[in-house]
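These notes are about the structure you will find just below.
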């Protein structure tokens with residue numbers, strides 16, 4: 001369940017921080033049923049956060065405390081290599097289930113998808129609260145049960161009936 005396992009969120013801090021802040025807002029809003037343990041709370045970055053090695057060390061520590069990854073895909077995400085690509089490569093190396101939330105609300109992999117996860121076993125969903133909650137609750141368990149042959153079949157998406165049941 002998304003509220004029990006730490007979720008590592010990857011995003012373009014310059015362009016897509018608004019989406020991450022929405023998620024944190026949903027989490028603290030008592031009228032909204034959305035909760036997740038944010039791996040960003042594991043190790044806060046300090047003023048030394050200008051040093052790439054320091055940042056990657058902190059991010060590695062965060063990723064080690066998580067059981068799933070959510071990447072927020074905006075217009076420039078696919079072009080970010082210094083941290084976003086590195087974080088995605090680390091998640092793939094660790095065989096963590098990855099949910100790609102498309103900020104353009106696409107329900108499938110599209111041209112915005114970072115090349116490092118293109119055609120990998122990643123679940124693509126729209127950036128919608130109910131879709132994210134459902135994905136974080138369902139995808140890690142499903143991912144864990146996939147055979148190597150199934151994992152190699154590429155990206156995934158929820159069929160339309162799942163969104164209908166979620167009221168999206």
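Read-outs throughout are calculated quantities, based only on the coordinates presented, and are distinct from any laboratory measurement. Note that the structure is a prediction, hence the values are computed from the model and not measured. Neighbour counts are summed over all protein chains in view; Cβ atoms, including those assigned to glycine, are modelled from backbone coordinates with ideal geometry.
Quick notes on this one:
- As a proxy for reagent exposure, 65, 106 were ordered by neighbouring Cβ count within 10 angstrom, fewest first; the result is 65, 106.
- Peptides 158-164, 94-100 ordered by average Cβ neighbours within 10 Å, highest first: 94-100, 158-164
- Approximate shape of the range 6-166 as ellipsoid semi-axes (Cα gyration tensor, √5λ), whole Å, largest first: 23, 19, 15
- Each Cα pair under 8 Å and six or more residues apart adds its sequence gap; the mean of these over the residue count of the range 6-166 is a relative contact order of 22 percent.
- The value of relative contact order for the range 72-168, using C-alpha pairs under 8 Å at least six residues apart, is 30 percent.
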